[in-house]
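Read the structure below first, then the notes.
Derivation of every value follows stated rules applied to the coordinates shown; laboratory data play no part. Treat the numbers as computed from the prediction; the structure is a model and nothing was measured. So basically every Cβ, Gly included, is an ideal-geometry build from the backbone, and we count neighbours across all protein chains shown.
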Amino acid sequence: MPQLLIPLGVLLFIIVVFGMRIVNQYEKGIIMRLGKYSHTAEPGLSIIIPYIDSMIKVDMREQVINVEPQKVITKDNVSVVVDAVIYCKVFDPVKAKFEVQDFDYAATTLAQTNLRNLIGDKMLDETLVARDAINTNLREALDQATDSWGVNITRVEVQKIDPPQEITEAMNLQMKAEREKRASILQSEGFARSSILQAEGEKTSAILKAEGQAQARILGAQAEAESVRKVADAANETFDSRAQMLKKLEVLEKVLMTNTKYIVPAGSDLVNVLGVDHGETMVIPKKAATPLKHHVAAEQTI
């Protein structure tokens, strides 16, 4: 027995040493036993039987596959050069290894075929502006085909769609003409807008000027009326006093011209009109032949 244990120990040591396999975190290992799938090894250390088992490591990270540029004819018979990028990720390592021989080649060929179909159904102008739609349709077509291969298509991006040089030059000229047309339209609209604003400004200015002139005239008329009223009031006051004085002078003039004696009541206003008082004239009282009620007769010699 001790003699058998030593060879068994050596054999076990050889199996362990030569059967050690390390699976990285981003990988999974497919264990093949005598050419047949046995099980899947998770990341970490795995032990297989040398010369009986074998391991195939599958990268589970998202991968990028470049689709080589190819010529595609659009619906309006324009030849364009198209390429794309495919982003994919393995979700079933067993199917990815056993269901398809070369996934990269298969995915590239499938993408090229679908690109020809998608772009061939569109006009050139539609193709240039419909990249998002092309990307979505291409991703759905590839994902449907690769689902049975254990691979998920996460994203597809069409990198470029290049028409022939003469088409590019014609498009550049068209775009230049379109830009110049838009610039001319914008310039004309700006000039028209400026003219309208200027006319509106002049109209507003004229209205404000007319309103200012009317207001000034109203204020001037009011001031002039007030001035005339004040002059009239002053003239009325002055005219009353001077008119009385003038009347006195006229009466006095008549009295002096005739040198006649007048008999007037002493309390009469005529004495004041004539300017007769006891200090400057001689007033001779005289009794009347017939008594008068409430009157005193006075004789004044002038």
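Numbers for the structure displayed
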item	result
Segment Glu178-Glu226, extension gain: residue separation times 0.36 nm, minus the distance between their alpha carbons	10.2 nm
Computed magnitude of the charge dipole of region 2-59 (debye, nearest 20; Cβ of K, R +1, Cβ of D, E -1)	120
Packing-based order for 36-49, 208-221, using average beta carbon neighbours within 10 Å, highest first	36-49, 208-221
Residues with amide H under 5 Å from that of Thr154, placed H, sequence gap 5 or more	Tyr87, Cys88, Lys89
Between region 166-181 and region 1-57, the alpha-carbon center distance in angstrom	68
Summed side-chain charge close to Arg33 - residues other than Arg33 whose Cβ falls under 14 Å, Lys, Arg +1, Asp, Glu -1	+1
Residues Tyr37 and Gln63, FRET efficiency given R0 of 22 Å [Cβ-Cβ distance, rounded to 0.05]	0.45
Modelled FRET efficiency - R0 51 Å, Ala216 with Ile185, Cβ distances, 0.05 increments	0.65
Lysine pair number, Cα distance threshold 15 Å (strictly under), region 63-163, separation 8 or more or different chains	4
